[in-house]
Amino acid sequence: MPTQESGAKMNIKDNLPVSTDTTEGAAMSRIKFYRNEIAHNDSGTLTEKQFHQLWEEASQAITLLGGQHYMQRCSDLKVCSLDSHDREILIEIRNMRSENIPKGATVVHNSLLEEWSNFDEKVVQTRAIKRILERLEEEHVLTVIGPPGCGKSTAIHHAALQLRDQEDYVIVPVNFPGEIKQYYNPKCKQVFVYDDMCGKYAINLQMLDNWCTLSTAIQVILSRKNVKILSSCRNYIFKDRLFSKVKLLSEVYFDITSANNALSEKERSLIAEVYLSPKEVLALQKSNNFTKYDFFPLLCQLYSTKESSDVVVYFSDPIKAINVELESQMNETDQTTLATLFLFVIYNNCIDENVFNQRAEIRNILLNLSDHFLISSVLSINVVKLHLNKLINSFVKKCANAYSTIHDKIFDILVLFCGKMYFDLCLEVAHTDLIRDRFQLSSLHAKTSDGIVIVAVSKEDAYFDRISNDIRNGHIANVFTNSQMKYISYQQKIIAHLKKTEDLLKIVLSLSEKESSPLLTVANQGFNFLVHSLIDIGFTVNVRDQIGRSPLFLATDSNHTVTADLLLNKAANPDLCNNKQVSPFHMACLNENIEIVKLLVNSKCNIDIQNDYDQTPLFFASFVGQKEIVKFLLENKCDVNINSKHNNTPLHAACYFDNVEVVQLLLDFKCDPNISSVYNESPLFVACMKNSILSTELLLETGCNPNVCTQVEGKINPWFVFKNIYILINIIKKDKNHQKRAILLELANSYENVCAEHAIHSGMLCFFEFKGPLSKPDSAFNMTLLYIASINGFTDVVELLLNHNANPCLGTGFNETPIFSAAEKGRVEIVKLLLKFKADPNLFNKHNVCLLQRASLNGFSEVVYMLVIHGGNPNHYDGYTEPAVNLATRQSFYETVQILLQLNGDPNIPNFEGKTCLHIASENGDIEMVKILLENHADPNILDNDLISPLFVASKSVHVELFYNYLVRNAYLDDDLILYDDQLAPPKQCTAIVKLLLRYKADPFSVFESGFNCRYNIKIRS
């Protein structure tokens, strides 16, 4: 774009030029400024007002540079839709922000998102969807639950697309919890979307265990506030007792079919109108089937694909209608279509095109199908592909390179149909996951749910032959996580089958000492018969999984007391720890299971065993406040004074959650209350920091020193410790039991560095940028109990400490005393208490800032009043930080300014620039503040270091001839006569301030003496 300044060096600046500057350099500067504003916008959004202002100014700059023909182009672009090229650019930008995601996965994700976007055009925004979006404004994790086909996935996909389009989130469709860690990108906002969390038909135990293991690590990611997890879950999976173990997913949920959220008749009509003709909608509304099914949206979608059908008949029994359609395919002379659909049973509803490249395997499968279905021609790969593509939009959909049924509900019906009509074939070739989740022996006489394929007694031998094949094919985990394992009779049948088949027993026993040992799985589920049987046939009882958990550890963690007893009787090692040296004994104490604790002690376990951070089971029990377990351990001679890695004792742990009965027990058994951590933190300090009032009082009564000060100088607090402490404080507050578990098992290092929490609460970390390891803290981080209690507003603790001779004049390494922190935070009652106990109101910190300056800056007028009447100096000024009156004036705290002025505050003390309160108030255009100052003897004729008066500041936009008229004629300045420069004029109150200053004898010549014309480049109108 050629410009007039092309031949010369263009002056492009980083800041926004004044609007009167119409040079090309200024135009380029504006474009650069607004580009940076958008690029560095943390929220990723603009208000409508901001957008219009930005667009207007950027358009003017572009028009100035390129000519008038760009004006219309900018106007058109403001309201146009993205064309295909623009959309490709947008996708490319989003892909650039997905740098942590492999290219192959990005291709799949983009294909999924395209499918979601296309379907989203038909989505009706129901009240449920609106409420989900509202919940997401506050929540970072939301699980949407409901039965199949009710619109769960549609709702979360729509919500994710809204987050992308309106708040600039990157959508990451995922299947496993580990993908959050793998794909997390701290440089952008992300929403991870999970469909059918933890299983579709039965709960996926391995997936559930992975979520439990990774929950705290995921909490670390969520603490960044730029990540959301949005998932759907079938309601019967969500209600499974095991699902509640994953607090991260189960605490915040949205039931899409509850009475308050279910589709209204109006919403059903709107959905029906998207897919059906007006005549069909009317017929359906008149029938009794309009509100009959939760999966109404799916029915409308499916019905719209039928060439001819009676809408009322179809909706009266849709499952029957789909079965009738499948039966019609079965009754055809050519069953190629049904044979093709059967492939979904073999591949568990996901036929990846890559399977067609494995020609030997797929040909054997197709040959087998040809023997069971009437096929008019050879069932070849090409024929299958042709039929799959023909079935798209009726039974099948294709995303990226994979085919699946159009909805999981259709797959459920298909599996049940094939299991009934082609049982033998289904049992022989169905996917191993279907055998695990969807088959049930009739001989169990157990309750069955919808979608279960019943195995008749006459077919049990064939069923166990299939189980044998799964074992031989390496699907042993599926065999031992079978949904029928909860029935003892099924467990007995499995063991009997293994014992009579030597090669199977050998295969299973080969896993005896491996991380995938079935003994680990059954112990975790508390299947006692299987535990006993597997050990008896030769399984190693002390095997450990990939993170070091033994069968005893898993049984203890899941509170299976009988299983734990059984394992101990089978020689399980009670001291076998996981990879973090956490033992079953630790877990029993953490879970507050006194019965397992007694079993472990009776088995001669190491009662003082220590984990990686040297914490004992007593430490764990004290932390969770389990009085009965603590008493039992103490009576069994555990060492009460074993210190953790950073010298914390069980007494420190008990004080953390104010477990006062445990504190008393520990003191009774001679736990030393004067042992301090490596940071010189006593148990009393922890009690004060956590506002543990009862524990604080008890420790003070035992004679603990209330004036102990932390010592952090020379101690290293790495950055990740501070990061995890932040999570510990802010993220896992909702469930205290979950918080305790997370602290002890995942954030132990954070707990051991509790002093970091003090610094965070004290606001001291503003001196650091969290970009790498912190240097060694200096003595500035040292602080007293009274300081911590004061800054956090723990009034009762402050009073307890003062009544036990805590010194209110001891400060931090910054020379900030307890009253300093209380005044800064506006803790009125605490300030009163500290002043009552002779706290000095005139102390100032290391930077020479006093209490009154901090309180005034924050507008705490009541605190300011108390400090001044107790002798605080309102005029303290060190030549750098402004006096209290100036600070309050700058913030427009009228009440604070009035209090200071009434109590001998001087409004005429200049700051380091020579500016008084009047200069500041005039700059702000604050007429009310100017009036208060003038009424309290502020001098309007004091000049600052640049010889500028308050009158000059207030009148910088007023034309000079008006002052000339005032001087010559002594004229009255009428509002209508005041003329302002178009660009520089402040709001109307400028006029009132000028008049007010003149009324209080401001010198009008100061305007000229200050170089009015020269400084502001304002022309005198002739």
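Does ASN573 fit the bill of being assigned by TED's automatic domain parsing to the domain that holds VAL541, surrounded by fewer than 24 Cβ atoms within 10 Å (Cβ to Cβ), modelled with pLDDT of 95 or more and not in a helix (DSSP H, G or I)?
yes
Among the listed residues VAL455, VAL531, which satisfies the condition of being more than 29 Å from LEU369 (Cα to Cα) and modelled with pLDDT of 95 or more?
VAL531
Which of (1) crowded, with 24+ Cβ neighbours inside 10 Å; (2) under 34 Å from the mean Cα position of the chain (by Cα); (3) not small (Gly, Ala, Ser) is the odd one out, the single condition THR817 does not satisfy?
Against the list (1) crowded, with 24+ Cβ neighbours inside 10 Å; (2) under 34 Å from the mean Cα position of the chain (by Cα); (3) not small (Gly, Ala, Ser), THR817 comes up short only on (2).
For segment 599-620, does any single residue satisfy the condition of being among the aliphatic types (A, V, I, L, M), over 19 Å from SER558 (Cα atoms) and over 36 Å from the mean Cα position of the chain (by Cα)?
yes
Could you please find all residues in segment 834-852 being in contact with a Leu (Cβ under 6 Å, 6 or more places away or on another chain), assigned to a helix (DSSP H, G or I) and over 20 Å from ASN782 (Cα atoms)?
LEU852 - this is the single residue of segment 834-852 that is in contact with a Leu (Cβ under 6 Å, 6 or more places away or on another chain), assigned to a helix (DSSP H, G or I) and over 20 Å from ASN782 (Cα atoms).
From the residues in segment 242-262 that are of a type in the set (A, V, I, L, M) and buried (at least 21 other Cβ atoms within 10 Å of the Cβ), which one is nearest to PRO147 (Cα to Cα)?
Looking at the filtered set, the residue picked out is ILE256.
Given (1) assigned to a helix (DSSP H, G or I); (2) under 41 Å from the mean Cα position of the chain (by Cα), where does ASN348 come up short, assuming only one miss?
Result: ASN348 passes all but (1).
Yes/no matrix, rows are residues, columns are (1) farther than 27 Å from ASN261 by Cβ; (2) small (Gly, Ala, Ser); (3) surrounded by fewer than 21 Cβ atoms within 10 Å (Cβ to Cβ):
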{"position": "PHE290", "(1), (2), (3)": "no, no, yes"}
{"position": "TYR293", "(1), (2), (3)": "no, no, yes"}
{"position": "PHE296", "(1), (2), (3)": "no, no, no"}
{"position": "GLU307", "(1), (2), (3)": "yes, no, yes"}
{"position": "PRO318", "(1), (2), (3)": "no, no, no"}
{"position": "GLN329", "(1), (2), (3)": "yes, no, yes"}
{"position": "LEU366", "(1), (2), (3)": "yes, no, yes"}
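Give the residue, chosen from LYS385, LYS397, that is out of contact with any strand residue (DSSP E or B) (no Cβ under 7 Å at 6 or more places or on another chain) and either of a type in the set (Lys, Arg) or in contact (Cβ under 8 Å) with a residue 40 or more places away in the chain (or both).
Every option except LYS385 fails the conditions.
If the requirement is being hydroxyl-bearing (Ser, Thr, Tyr), under 25 Å from LEU434 (Cα atoms) and touching a helix residue (DSSP H, G or I) at 6+ places or on another chain (Cβ under 7 Å), which of these qualifies: THR501, THR563?
The unique qualifying residue is THR501.
Suppose the filter is touching a residue at least 60 places away in the same chain (Cβ under 8 Å) and in contact with a helix residue (DSSP H, G or I) (Cβ under 6 Å, 6 or more places away or on another chain); does LEU801 pass it?
Yes, satisfied.
If you scan segment 826-847, which residues turn out to be out of contact with any Phe, Trp or Tyr (no Cβ under 8 Å at 6 or more places or on another chain) and charged (D, E, K, R)?
Result: ARG827, GLU829, LYS832, LYS836, LYS838, ASP840.
Quick one: how many residues across segment 342-365 are within 19 Å of ASN401 (Cβ to Cβ) and touching a helix residue (DSSP H, G or I) at 6+ places or on another chain (Cβ under 9 Å)?
Qualifying residue count for the region: 15.
Would you check if ARG224 is among the charged types (D, E, K, R) and modelled with pLDDT of 90 or more?
No: the conditions fail for ARG224.
If you take the residues of segment 490-535 that are assigned to a loop (DSSP other than H, G, I, E, B) and of a type in the set (S, T, N, Q), which of them is surrounded by the fewest Cβ atoms within 10 Å (Cβ to Cβ)?
Ranking the qualifying residues of segment 490-535, first place goes to SER510.
Suppose the filter is out of contact with any Lys or Arg (no Cβ under 8 Å at 6 or more places or on another chain), modelled with pLDDT of 90 or more and at positive phi; does GLY879 pass it?
Answer is no for this residue.
Pull up segment 770-805, narrow it to residues that are of a type in the set (A, V, I, L, M) and part of a loop (DSSP other than H, G, I, E, B), then point me to the one that is modelled with the lowest pLDDT.
By that ranking, first place goes to LEU774.
Can you tell me which residue among VAL582, VAL663, VAL630 is in contact with a Leu (Cβ under 7 Å, 6 or more places away or on another chain), surrounded by 20 or more Cβ atoms within 10 Å (Cβ to Cβ) and not in a helix (DSSP H, G or I)?
VAL582
For the structure I just gave you, tell me whether GLU882 is touching a Gly at 6+ places or on another chain (Cβ under 9 Å) and of a type in the set (Asp, Glu).
no
Restricting segment 552-570 to residues that are under 33 Å from the mean Cα position of the chain (by Cα) and free of Cβ contacts under 8 Å to residues at least 40 places away in the same chain, which is surrounded by the fewest Cβ atoms within 10 Å (Cβ to Cβ)?
Restricting to residues being under 33 Å from the mean Cα position of the chain (by Cα) and free of Cβ contacts under 8 Å to residues at least 40 places away in the same chain, the top hit is ASN559.
Of the residues PRO574, PRO617, which is touching a His at 6+ places or on another chain (Cβ under 6 Å) and not β-branched (Val, Ile, Thr)?
Going through PRO574, PRO617 in turn, just one is touching a His at 6+ places or on another chain (Cβ under 6 Å) and not β-branched (Val, Ile, Thr): PRO617.
Looking at LYS420, LYS390 in this structure, which one is modelled with pLDDT under 90, surrounded by fewer than 16 Cβ atoms within 10 Å (Cβ to Cβ), more than 22 Å from PRO173 (Cα to Cα) and not aliphatic (A, V, I, L, M)?
Matching residue, one of LYS420, LYS390: LYS390.
Which residues, counting only those in segment 264-309, are of a type outside the set (A, V, I, L, M), part of a helix (DSSP H, G or I) and under 24 Å from ASP408 (Cβ atoms)?
Passing the criteria: GLU267, ARG268, TYR275, PHE296, PRO297, CYS300, GLN301, TYR303.
If you take the residues in segment 452-474 that are surrounded by fewer than 17 Cβ atoms within 10 Å (Cβ to Cβ) and part of a loop (DSSP other than H, G, I, E, B), which one is nearest to the chain's Cα centre (by Cα)?
The qualifying residue nearest to the chain's Cα centre (by Cα) is GLY474.
Just need a number here: residues in segment 700-722 that are charged (D, E, K, R) and either assigned to a loop (DSSP other than H, G, I, E, B) or modelled with pLDDT under 85 (or both).
2
The rows are residues; the columns are (1) in contact (Cβ under 8 Å) with a residue 40 or more places away in the chain; (2) among the acidic types (Asp, Glu); (3) not assigned by TED's automatic domain parsing to the domain that holds ASN579.
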position: LEU618; (1), (2), (3): no, no, yes
position: LYS627; (1), (2), (3): no, no, yes
position: CYS638; (1), (2), (3): no, no, yes
position: CYS655; (1), (2), (3): yes, no, yes
position: ASP658; (1), (2), (3): no, yes, yes
position: ASP668; (1), (2), (3): no, yes, yes
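Could you list, ordered by first residue, the pairs with Cβ atoms under 8 Å in which the first is in segment 147-172 and more than 21 Å from ILE101 (Cβ to Cβ) and in contact (Cβ under 8 Å) with a residue 12 or more places away in the chain and the second is in a helix (DSSP H, G or I) and acidic (Asp, Glu), at least 6 apart or interchain?
Sorted first by the residue in segment 147-172, then by its partner, the pairs are PRO148/ASP408; PRO148/ASP412; GLY149/ASP408; HIS158/ASP120.
The values are calculated or read from the model by the stated rules, or taken from the named source; none is laboratory data. Remember, it's a predicted structure, so these values are computed and weren't measured experimentally. Using ideal geometry, Cβ is built from the backbone for each residue, glycine included, and neighbour counts are taken over all protein chains shown.
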